[in-house]
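The values are calculated or read from the model by the stated rules, or taken from the named source; none is laboratory data. Keep in mind it's a predicted model, so treat the numbers as computed, not measured. Counting neighbours? That spans all protein chains shown, and the Cβs are built from the backbone with ideal geometry, glycine included.
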Amino acid sequence: MLYFGNATLVASIYFKTTKSPNLKLCYNYTKLKGLIMKKLLSLLLAGTALFAMTAKQQNTPTVTINGKIGVYGNEPHTFVAIKNSNSNTLYRIENAKGYNLDKLQNKTVTIKAIKIKDKVGPGFPAVIKVVELVNSNK
């Protein structure tokens, strides 16, 4: 028997005392029905949320970028970025402080990252989030 709080206890007592299979005669039928619906709805929402979070994580491939770290822009709108040595493409690093990449200015590094946003135009490079600092030549 599934346990849904006091309503299950009331329903089981009702069946034992009346020996009637008709649940609609029970005065707590609506309470029992409401509890079952709430439990099923919460399980469904939790399952959907869990599926959505795992599906998003699987669809984000990592990219390996080798290039020089630099600080670009004008105060107060500066950002830490990496300039790819192969394609000369600039990528703004979202979590640069987490890996202390601002301290590695003008150093060549190799990073693994996830691409978050595409390039919008001049002055708005593609945005990446560093997953791993593979190599840093100090």
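Here are some notes:
- If you go through the range 84-132 and keep only what is at pLDDT below 90, small (Gly, Ala, Ser) and not in a loop (DSSP other than H, G, I, E, B), you end up with Gly98, Gly121.
- Residues in the range 120-138 that are more than 15 Å from Pro61 (Cβ to Cβ) and exposed (fewer than 14 other Cβ atoms within 10 Å of the Cβ): 9 in all.
- Qualifying residue in the range 116-129 (condition: touching a strand residue (DSSP E or B) at 6+ places or on another chain (Cβ under 7 Å), under 10 Å from Ile69 (Cβ atoms) and of a type outside the set (Phe, Trp, Tyr)): no
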